[in-house]
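Q: Got a structure here, written out as structure tokens. Questions coming.
The values are calculated or read from the model by the stated rules, or taken from the named source; none is laboratory data. No experiment lies behind these values; they were computed from the predicted model shown. When we count neighbours, we look across all protein chains shown, and the Cβ atoms used for this are built from the backbone with ideal geometry, even at glycine.
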Amino acid sequence: MSRIVADLGFACLKNPIMPASGCFGWGREYSQLFALNILGAVVTKAVTPEPRPGNPGPRVTETPGGVLNAIGLENRGLTAALTEELPWLQSQGVPILVNVAGRTEEDYVQVAEALGDQNLLGLELNLSCPNVREGGISFGTDAKTVYKLVSRVRQVCPLPLVVKLTPNVTDITEPARGAEAGGADALTVINTLRGMAINVRTRRPVLGNVTGGLSGPAIKPVALSMVWQVATAVSIPVIGCGGIAQVEDVVEFLLAGAAAVQVGSAAFADPLLLPRLVSDLESWLEREKCSVEELVGAAHS
Amino acid sequence: MRERKAVLLAHETLTEDTFRIVLHAPEIAAGVEGGQFVHLQVPGFSLRRPFTVADADAETITLIIRRQGRGTAALEQVKPGSRLAFLGPLGNGFRPLPGQGLLLGGGIGTAALILLARRLGSCTLVMGGRSSGELWLDQVHLPPSVVIQYASDDGSQGFAGNLVQYARKNLKPGMWVAACGPRRMLAGLQELLRQRKIPGQFALEERMACGLGACRGCTCDTVKGNALVCKDGPVFAAEEVVFS
């Protein structure tokens, strides 16, 4: 088996590199720059039952070592996802994780049920968006709520379920255990950290939504420690996410216990970063004479 | 589309807070349209910065940039000879309409109109600002067929008043308007154009992350609902934009 194959338990990916939800749309734009099937998988923009217009602008700004965003889950809704976005992405020959979000538990159930018979790698349940008033993060902070939501989705959807967790909690292992008990097949650790920026000239918050989610190199140590904690607390695979910008970061997350990784805002600085990480990781593994499988969790022993 | 690298050839100060950089970008220079932009890497920063292509010749593109925050300040320090990665040209440029073009640039928004003026050949290009110290258009070389005018709020150069007041006085039937500037100016122009039944196009500015349409960071409100400044714009028909 190739050194770079990533084992998610419910599936093996040709490599452990995938984009983080929201940073990559449905891949159409980036497919102008590289073939999507170079990647281990593609994680889509969040899908909600109905179209959502998202938050007022400005929606993005840069802070030292990071990016603040408050998009607000703008998307064209389940019907457009099923009829326009998904058929195109399915023609690209890359495994797909569809990110699912909602205002209510019912919303998640509805989207998951509708996607259940699609040819997908799985669903990623977004229980962690910090930028919407209802739903999102409010589901992800309480272990019992996570358990209940994941169990309900589990009943209506045969696809593998990945649950994306928020770092905006006291102890991330609690919702992680809740998701595992509810039937999750893997966990994505972490979504963005809540943050804000103020324009001193206008004396107003920079973002239209006032607060946003912080991503980028600034949050990498936080994400890494949470991957480490969660990998110890659960027995399902963890997908590491948060501040990855170079191959050494990928290796760090693997060593901390991640079976695969997602890359988000660093691809804004370098739109070719994802394919480069695949080739850099190949070279790294070749040079070190080891495999992804051997690295996963190796720092724990 | 390809990721490209351009060598920064020259660097000039235009005013206290505005500078110009010239990039060697022969693959895109000849084909770029006025109003299109490049998404430019700023070394050491997490986000690229979108800049309108202010001018172009056979081999180079010129960006005119106002120092606004840490990113633009860092860009001002990039040394000639450095290579900067960029994506572009991105977005939709201006679509010239029949009739005499009146190009109205509020402050740094003027940068989005220079290449259009050059390609039109014959038109009127007006730069507006608070006072003469902010007006830098005299440092841009355009053919004599482009009539250059100024408007200043304090009357220190050219027309005394803002660009909406200028347009109210100078807009004639048969003209079309291309404009870029603060939202308040564009909102005022939109109302004037509606009253006079004169067609117009506005180039909008927004903070961007991907620059390609994937991240939905630069959404703006239009009569057709959400639109992306990067992909559906940055140039929109004047009547389409919803200013609120």
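Q: Hey, could you check the stretch A:45-70 for residues that are closer than 23 Å to A:THR104 by Cβ and at the interface with chain B (Cβ under 7 Å from one of its Cβ atoms) and say which is surrounded by the fewest Cβ atoms within 10 Å (Cβ to Cβ)?
A: A:PRO53
Q: Testing B:TRP176 on (1) of a type outside the set (A, V, I, L, M); (2) in the same structural domain as B:GLY105 (by TED's automatic domain parsing); (3) part of a helix (DSSP H, G or I), one condition comes back false. Which one is that?
A: Unmet for B:TRP176, out of (1) of a type outside the set (A, V, I, L, M); (2) in the same structural domain as B:GLY105 (by TED's automatic domain parsing); (3) part of a helix (DSSP H, G or I): (3).
Q: Say whether the condition of being crowded, with 20+ Cβ neighbours inside 10 Å, in contact with a Phe, Trp or Tyr (Cβ under 7 Å, 6 or more places away or on another chain) and of a type in the set (Ser, Thr, Tyr) is met by at least one residue in the stretch A:19-26.
A: No, every residue in the stretch A:19-26 fails to be crowded, with 20+ Cβ neighbours inside 10 Å, in contact with a Phe, Trp or Tyr (Cβ under 7 Å, 6 or more places away or on another chain) and of a type in the set (Ser, Thr, Tyr).
Q: Going through the stretch A:240-256 one residue at a time, which ones are β-branched (Val, Ile, Thr) and not in a loop (DSSP other than H, G, I, E, B)?
A: Filtering the stretch A:240-256 for residues β-branched (Val, Ile, Thr) gives A:244, A:247, A:250-251.
Across the stretch A:240-256, the qualifying residues are A:VAL247, A:VAL250, A:VAL251.
Quick grid of which residues meet (1) under 16 Å from the mean Cα position of the chain (by Cα); (2) more than 27 Å from A:GLY72 (Cβ to Cβ); (3) more than 14 Å from chain B (Cβ to nearest Cβ):
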{"residue": "A:PRO205", "(1), (2), (3)": "no, no, no"}
{"residue": "A:LEU224", "(1), (2), (3)": "yes, yes, yes"}
{"residue": "A:TRP228", "(1), (2), (3)": "no, yes, yes"}
{"residue": "A:ALA266", "(1), (2), (3)": "yes, no, no"}
{"residue": "A:PRO275", "(1), (2), (3)": "no, yes, no"}
{"residue": "A:SER279", "(1), (2), (3)": "no, yes, yes"}
{"residue": "A:TRP284", "(1), (2), (3)": "no, yes, yes"}
{"residue": "A:ARG287", "(1), (2), (3)": "no, yes, yes"}
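Q: Go over the candidates A:ALA176, A:ALA223 one by one and state the one that is hydrophobic (A, V, I, L, M, F, W, C), crowded, with 17+ Cβ neighbours inside 10 Å and under 19 Å from A:ALA267 (Cβ atoms).
A: A:ALA223
Q: Separate question: Can you tell me which of (1) within 23 Å of A:LEU274 (Cα to Cα); (2) in contact with a strand residue (DSSP E or B) (Cβ under 6 Å, 6 or more places away or on another chain) is the one A:VAL111 doesn't meet?
A: Here A:VAL111 clears every test but (1).
Q: Filter the stretch A:243-277 down to residues that are touching a Lys or Arg at 6+ places or on another chain (Cβ under 9 Å) and of a type in the set (Val, Ile, Thr) and give me whichever is surrounded by the most Cβ atoms within 10 Å (Cβ to Cβ).
A: So the residue we want is A:ILE244.
Q: Something else: Quickly run through the stretch B:157-184 and pick out the residues that are in contact with a Gly (Cβ under 8 Å, 6 or more places away or on another chain) and polar (S, T, N, Q).
A: B:ASN162
Q: A further question on this structure: Tell me, yes or no, whether the stretch A:34-44 has at least one residue that is touching a helix residue (DSSP H, G or I) at 6+ places or on another chain (Cβ under 8 Å), in contact (Cβ under 8 Å) with a residue 60 or more places away in the chain, closer than 23 Å to A:ILE137 by Cβ and within 14 Å of chain B (Cβ to nearest Cβ).
A: No, because not a single residue in the stretch A:34-44 is touching a helix residue (DSSP H, G or I) at 6+ places or on another chain (Cβ under 8 Å), in contact (Cβ under 8 Å) with a residue 60 or more places away in the chain, closer than 23 Å to A:ILE137 by Cβ and within 14 Å of chain B (Cβ to nearest Cβ).
Quick grid of which residues meet (1) closer than 30 Å to B:TRP176 by Cβ; (2) modelled with pLDDT of 95 or more; (3) within 14 Å of chain A (Cβ to nearest Cβ):
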residue: B:ALA10; (1), (2), (3): no, no, no
residue: B:THR18; (1), (2), (3): yes, yes, no
residue: B:PRO26; (1), (2), (3): no, yes, no
residue: B:PHE37; (1), (2), (3): yes, yes, no
residue: B:SER46; (1), (2), (3): no, no, yes
residue: B:THR62; (1), (2), (3): yes, yes, no
residue: B:GLY91; (1), (2), (3): yes, yes, yes
residue: B:PHE94; (1), (2), (3): yes, yes, no
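Q: Okay, moving on. Given the criterion buried (at least 23 other Cβ atoms within 10 Å of the Cβ), hydroxyl-bearing (Ser, Thr, Tyr) and either closer than 26 Å to A:ALA259 by Cα or out of contact with any Phe, Trp or Tyr (no Cβ under 8 Å at 6 or more places or on another chain) (or both), identify the matching residue among A:TYR147, A:TYR108.
A: Answer to the selection: A:TYR108.
Q: For B:ALA73, work out the one condition from (1) away from chain A (no Cβ under 14 Å); (2) farther than 30 Å from B:GLY161 by Cβ it doesn't fulfil.
A: With respect to (1) away from chain A (no Cβ under 14 Å); (2) farther than 30 Å from B:GLY161 by Cβ, B:ALA73 is out only on (1).
Q: hydroxyl-bearing (Ser, Thr, Tyr), at pLDDT 95 or above and under 26 Å from B:LEU228 (Cα atoms): which single residue out of B:THR124, B:THR110 fits that description? Lay out the reasoning, then the answer.
A: Numbers: B:THR124 fails: under 26 Å from B:LEU228 (Cα atoms).
The conditions single out B:THR110.
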